[in-house]
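Peer 1: Have a look at this one before I ask anything.
Where a number appears in this text, it was derived from the coordinates with a stated rule and is not lab data. Quantities reported herein were computed from a predicted structural model and do not represent experimental measurements. As a convention, Cβ positions derive from the backbone with ideal geometry for all residues, glycine included, and neighbour counts pool all protein chains shown.
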Amino acid sequence: MVRFAVAIIAMEIAALAVGYLAFDAAALLVGAPIIMATLLVLLVLRAAEIPRRRLAAQRASRWDPDAALPGGLMSGFFEAPGARADRGTSTR
C-alpha cells in the first residue's frame with residue numbers, strides 16, 4: 001500500500017508541476033488542496049487498516065486445523081464394525 005500511495009502522490013506532484021508551468025499560480029489553487037485531500041484519504045485508509053489486520057490475526061490464531069479433534073458427524077460411518085481399536089470388546 002505504501003508504494004501505491006507514493007506513486008499516487010508522485011503523479012499528483014508531477015501533474016501539479018506541469019500545471020504550474022502551463023497555467024502559472026492558478027494551478028496551485030486547485031492542485032494543492034487536491035494533494036492535501038489525497039494525503040488525508042491515504043491516512044484514513046491506513047488508520048482503518050490497523051483494526052482489520054488485528055482482526056485477521058485474531059481469527060487466524062483462533063482456529064488451528066492441526067489441533068482439530070478426531071470425530072465428527074460422519075465419524076465411523078465408513079468403518080467396518082469392530083475396526084476401531086478404542087472400542088474394546090464387541091457387545092454381540
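Peer 1: Determine, for each peptide in 44-57, 12-25, the mean count of other beta carbons within 10 angstrom over its residues, then list the peptides with the highest first.
Peer 2: Details: 44-57: 9.9, 12-25: 12.1.
Put in order of decreasing packing, that is 12-25, 44-57.
Peer 1: Now a separate question. Would you mind estimating how fast region 1-64 diffuses translationally, via Stokes-Einstein at 25 °C and 0.890 mPa s with the Kirkwood radius over Cα pairs, in µm²/s?
Peer 2: Details: Rh = 13.9 Å.
Using the Kirkwood radius from Cα pairs, D works out to 176 µm²/s.
Peer 1: Report the full-extension gain for the segment Ala25 to Ala60: residue separation times 0.36 nm, less the Cα-Cα distance, to one decimal in nm. Mind showing how you got there, number by number?
Peer 2: Details: separation 35, 0.36 × 35 = 12.60 nm, distance 5.23 nm.
Answer, rounded to one decimal: 7.4 nm.
Peer 1: Return the sequence-ordered ³J(HN,Hα) values of region 22-30 in whole Hz as given by the Karplus equation 6.51 cos²θ - 1.76 cosθ + 1.60 applied to θ = phi - 60°, using x for Gly and Pro.
Peer 2: 8, 10, 6, 6, 5, 5, 5, 5, 9
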